[in-house]
Ligand code: ADP
Ligand code: MG
């Protein structure tokens, strides 16, 4: 069969694995920044937690690659990521992000994702986070970055790259907006007014991950 050469990468299992590797690299790069933010308004483990979880996810994907040979569809890549995060990340972020990836994995039962499938899986991930954590926009959590990310991706026409770039801009603005907010959920909540002035670690990690993943889109 002849191969079709296009400039757009197919959004297949290999792309999904690269997506997770990019996210892991972003977390590793920003680990100390995330830990510092969480030290200021939490318990100082967010960067360490996420780094451990993403390492475990990449290791799991590596071992599946070696065993399987044939690439598995994107859903199984996101599911393996979800189970790694759920198993290895303590604290609030593990179950929340684990649920996000699990829900995303259920929303993409195809070998090659379309840009619209990506919109759907992002939307499902956000629903998963909100169902599990019950946070609304304005509570100073990662939802303040994730909700605008999903809205911007949905609302933007054009290539995957354009949609992803708009989503990153929105996530970064959302993360920045948490600086002025007083926490209504999570470990920062008891700090009350003292939580104002520091951005939410989970919102910042989401924006950092999004930036790296979008650059790869
Ligand atoms: P922990 O707070 O248990 O130490 P982490 O430090 O890994 O867990 O993650 C903290 C981040 O989790 C917060 O910055 C916030 O973004 C997010 N978070 C906490 N509670 C919730 C919630 N109910 N819904 C959404 N996100 C939340
Ligand atoms: Mg913490």
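Structure notes:
- Residue 191 meets the stated requirement of being within 16 Å of ligand 2 (Cβ to nearest atom) and surrounded by fewer than 23 Cβ atoms within 10 Å (Cβ to Cβ).
- Identification of helices (runs of 4 or more DSSP H) wholly contained in the range 108-202 with 1 or more residues that are under 20 Å from residue 216 (Cα atoms) and free of Cβ contacts under 8 Å to residues at least 12 places away in the same chain yields 115-133, 160-177.
- So residue 44, is it surrounded by fewer than 18 Cβ atoms within 10 Å (Cβ to Cβ), within 10 Å of ligand 1 (Cβ to nearest atom) and either closer than 18 Å to residue 96 by Cα or in contact (Cβ under 8 Å) with a residue 40 or more places away in the chain (or both): yes
- The requirement of being within 16 Å of ligand 2 (Cβ to nearest atom) and within 14 Å of the chain's Cα centre (by Cα) is satisfied by residue 202.
- Residue 166 vs. criteria farther than 21 Å from residue 50 by Cα and away from ligand 1 (no atom under 13 Å from the Cβ): yes
- Applying the criterion of being buried (at least 17 other Cβ atoms within 10 Å of the Cβ) and more than 16 Å from the chain's Cα centre (by Cα) to the residues of the range 138-157, the residue that is farthest from residue 179 (Cα to Cα) is 156.
- Some residue of the range 56-77 being closer than 30 Å to residue 198 by Cα, touching a residue at least 12 places away in the same chain (Cβ under 8 Å), touching a helix residue (DSSP H, G or I) at 6+ places or on another chain (Cβ under 6 Å) and buried (at least 16 other Cβ atoms within 10 Å of the Cβ): yes
Just so you know, all these numbers are worked out from the coordinates, no wet-lab data involved. Please read these numbers as outputs of a predicted model, since none were measured by experiment. Every residue, glycine as well, gets a Cβ built from its backbone with ideal geometry; the counts of neighbours run over all protein chains shown.
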